[in-house]
Amino acid sequence: MQEEVGIRRDGPEPDQDEPPKKRVKVPEGESGKLEERLYSVLCCTVCLDLPKASVYQCTNGHLMCAGCFIHLLADSRLKEEQATCPNCRVTQCKYKRIGCPWQGPFHELPAHESECSHPTKTGTELMGILGEMDQNHRRDMQLYNSIFSLLCYEKIGFTEVQFRPYRTDDFITRLYYETPRFTVLNQTWVLKARVNDSERNPNLSCKRTLSFQLILKSKVNSALECSFLLLKGPYDDVRIKPVIHHHSFSNDANETDYVPLPISDSVECNKLLAAKNINLRLFIFQVQK
């Protein structure tokens, strides 16, 4: 009779009813690919090394090691400009001259240019594209010439304005913005802004816009005819295409109509709404009669 040999195992006894656990078998070569993918995700996007200490992340998810981040801040201090993530800086396709509208991060540029369809377009297609580019250029030049003409005016004033968020006293409160009172051309002014033209529930809308109006708070003896425009502030990166507006201010007509804030798209609008305040620069040109 053979003696049974018992094997002692440490830990709790396994449950007889529990199904056996399956061990995931990693195919040969997959472990190396996994390491490559993790390295591409976790490495510093500036020096391309794995961070050994602190890791910093920009708003678009790009990682930087502590050394590169500090170097970036030091460069911005020396250049007296705002620090920006190198991978977020937008570049353009080399075929922009023949109408390619692509814009994107620098590391995606080689892949795009290798697949760009503009070099293979026919002459007729390129002539149509270049015609549209000429029209856009003429519109831009007309805007710039109008601004240059305004800069020849005798009375010109500008100031930095800060839109601060407030809520209405309605039953369903609405978000609006207003600046503190400021003085330009020896007159007191206020700017107001609203979201989606005071739509009841702008949070339910995917497309969001901002509009603003200029209000004269001072009393005037005669009509004050002015041109005005808003530009981005010195420390903000919002993209605004300037638009010139005209209004004749008087004691009876001291407010302009709400006009669109000329931002590029809803993404830029969301950036402004996410900020604590909206900082812009206002120019006012008094038309001499």
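The values are calculated or read from the model by the stated rules, or taken from the named source; none is laboratory data. All values derive from a computational prediction rather than experimental measurement. Counting neighbours? That spans all protein chains shown, and the Cβs are built from the backbone with ideal geometry, glycine included. These accessible areas exclude ligands, DNA and RNA; they are computed on the full protein's heavy atoms, side chains included. Shrake-Rupley method; radii C 1.70, N 1.55, O 1.52, S 1.80 Å.
Numbers for the structure displayed
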read-out	value
Residues of segment 231-266 classified as open to solvent by 60 Å² or more (accessible area, probe 1.4 Å), within 19 Å of Glu178 (Cα to Cα) and of a type outside the set (Asp, Glu), total	3
Segment 82-135: number of residues that are loosely packed, with under 12 Cβ neighbours inside 10 Å and touching a residue at least 40 places away in the same chain (Cβ under 8 Å)	1
Contacts under 9 angstrom Cβ, first residue in segment 53-81 being under 23 Å from Glu108 (Cβ atoms), partner polar (S, T, N, Q) and open to solvent by 50 Å² or more (accessible area, probe 1.4 Å), 6 or more apart	Cys58/Thr84; Leu63/Gln57; Met64/Gln57; Cys65/Ser54; Phe69/Ser54; Leu72/Thr84
Those residues of segment 148-187 which are surrounded by 15 or more Cβ atoms within 10 Å (Cβ to Cβ), among the acidic types (Asp, Glu) and out of contact with any strand residue (DSSP E or B) (no Cβ under 6 Å at 6 or more places or on another chain), in sequence order	none
Check on Leu50, of a type in the set (A, V, I, L, M, F, W, C) and either in contact (Cβ under 8 Å) with a residue 12 or more places away in the chain or open to solvent by less than 100 Å² (accessible area, probe 1.4 Å) (or both)	yes
Any chance Phe158 is under 30 Å from Tyr56 (Cβ atoms) and not acidic (Asp, Glu)	no
Residue that is farthest from Lys271 (Cα to Cα), among those in segment 136-173 that are aromatic (Phe, Trp, Tyr) and assigned to a loop (DSSP other than H, G, I, E, B)	Tyr153
Residues that are of a type in the set (Phe, Trp, Tyr) and either assigned to a strand (DSSP E or B) or closer than 18 Å to Leu143 by Cα (or both), drawn from segment 238-289	Phe249, Phe283, Phe285
Enumeration of residues in segment 115-169 that are over 28 Å from Asn279 (Cα atoms), of a type in the set (Val, Ile, Thr) and out of contact with any helix residue (DSSP H, G or I) (no Cβ under 8 Å at 6 or more places or on another chain)	Thr120, Thr122, Thr124
Selected residue (criterion: modelled with the lowest pLDDT) from residues of segment 188-208 that are open to solvent by 60 Å² or more (accessible area, probe 1.4 Å) and in contact with a helix residue (DSSP H, G or I) (Cβ under 8 Å, 6 or more places away or on another chain)	Cys206
